[in-house]
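Working notes, beginning with the structure itself.
The values are calculated or read from the model by the stated rules, or taken from the named source; none is laboratory data. Being a predicted model, the structure only gives us computed values, none of them experimental. Methodologically, a virtual Cβ is constructed for each residue, glycine included, from the backbone with ideal geometry; neighbour enumeration extends over all protein chains shown.
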Amino acid sequence: MARYTGPVCRLCRREGAKLYLKGDRCYTGKCAIDRRGYAPGQHGQGRKKMSEYGLQLREKQKARRIYGILENQFRNYFEKAESQKGVTGENLLRLLERRLDNVVYRLGFAGSRVEARQLVRHGHFTVNGKKVNIPSFLTRIGEVIEVREKSRDNVRIKELAEQAARKTPPAWLEVNADQFAGKVVAVPSREDIDIPIEEHLIIELYSR
């Protein structure tokens, strides 16, 4: 499947916001958006008046890049969110948050969503005791996500588990870093989702 393989800091600069695509580096002085807070390219520092459509498009692109999702996948999430009861924008974010790669990241068992996706694909995690290597797998309330027994000696995973023990997960998740495990205890509310997204702009874009 096609994936963007270029410099990810360029994506943050294009969106004009920290997307936290490189994990801990984004919290240091090396962050590209702090050092060069303008769009990449020859005309990146030029002032541009953004149209209504442009604002909507940028918001959609920002969400796609944060979660690492292709356009067709994102459109499918929107259609599923639209068919559910409630506010479509919040439904969309809840679906994205429930992805297995995002849950692994939120639990602290990965430094970034990119790393979480790679760890899931390599089969390091189980859901309710069964190996799942599909990053887009949608987790449900009550499901337990664990590092596989044979993966717990991995140096990087041990390091991440130690870091997870010092972090506080979102309210809709529980983590037991000593047991290399976490649990989905609720559906994420909008207040639990701390990404810099104005989801109503995305809904307006797809509703054109």
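Is the stretch 163-171 home to any residue that is closer than 17 Å to residue 110 by Cβ and polar (S, T, N, Q)? Spell out how you get there, then give the answer.
Here is the first cut: in the stretch 163-171, the ones closer than 17 Å to residue 110 by Cβ are 163-170.
Going one step further and asking which of them are polar (S, T, N, Q), we end up with 163, 168.
Yes: one or more hits.
Going through the stretch 96-109 one residue at a time, which ones are aliphatic (A, V, I, L, M) and under 11 Å from the mean Cα position of the chain (by Cα)? Give the steps one after another, and end with the answer.
Initial filter on the stretch 96-109 (aliphatic (A, V, I, L, M)): 96, 100, 103-104, 107.
Of everything in the stretch 96-109, those that are aliphatic (A, V, I, L, M) and under 11 Å from the mean Cα position of the chain (by Cα) turn out to be 96, 100, 103, 104.
Could you list, in sequence order, all residues of the stretch 130-148 that are of a type outside the set (Ser, Thr, Tyr) and within 21 Å of residue 64 (Cα to Cα)?
So in the stretch 130-148, the residues of a type outside the set (Ser, Thr, Tyr) come out as 130-135, 137-138, 140-148.
Result: 133, 134, 135, 137, 138.
Do you know which residues across the stretch 68-100 are in contact with an Asp or Glu (Cβ under 9 Å, 6 or more places away or on another chain) and in contact (Cβ under 8 Å) with a residue 24 or more places away in the chain?
Selection gives 68, 88, 89, 90, 92, 93, 97.
Scan the stretch 192-208 for residues that are surrounded by fewer than 17 Cβ atoms within 10 Å (Cβ to Cβ), more than 19 Å from the chain's Cα centre (by Cα) and not hydroxyl-bearing (Ser, Thr, Tyr) and report the count.
Number of matching residues: 1.
Out of the residues in the stretch 158-184 meeting the condition of being among the β-branched types (Val, Ile, Thr) and surrounded by 14 or more Cβ atoms within 10 Å (Cβ to Cβ), tell me which one is farthest from the chain's Cα centre (by Cα).
Residues of the stretch 158-184 among the β-branched types (Val, Ile, Thr): 168, 175, 184.
In the following step, the residues that additionally are surrounded by 14 or more Cβ atoms within 10 Å (Cβ to Cβ) were identified as 175, 184.
Details: 175: 18, 184: 16 Å.
Once the filter is applied, the top-ranked residue is 175.
Give the stretch 110-131 a look and list any residue that's within 14 Å of the chain's Cα centre (by Cα), under 13 Å from residue 147 (Cβ atoms) and among the β-branched types (Val, Ile, Thr), or say none.
120
Just checking, does the stretch 135-144 include any residue being outside the structural domain of residue 56 (by TED's automatic domain parsing), surrounded by 13 or more Cβ atoms within 10 Å (Cβ to Cβ) and in contact with an Asp or Glu (Cβ under 8 Å, 6 or more places away or on another chain)?
As a first pass, look at the stretch 135-144 and keep what is outside the structural domain of residue 56 (by TED's automatic domain parsing): 135-144.
From what is left, the residues that are surrounded by 13 or more Cβ atoms within 10 Å (Cβ to Cβ) are 135-139, 143-144.
The next check asks that each one be in contact with an Asp or Glu (Cβ under 8 Å, 6 or more places away or on another chain); those that pass are 135-136.
For the stretch 135-144, residues outside the structural domain of residue 56 (by TED's automatic domain parsing), surrounded by 13 or more Cβ atoms within 10 Å (Cβ to Cβ) and in contact with an Asp or Glu (Cβ under 8 Å, 6 or more places away or on another chain): present.
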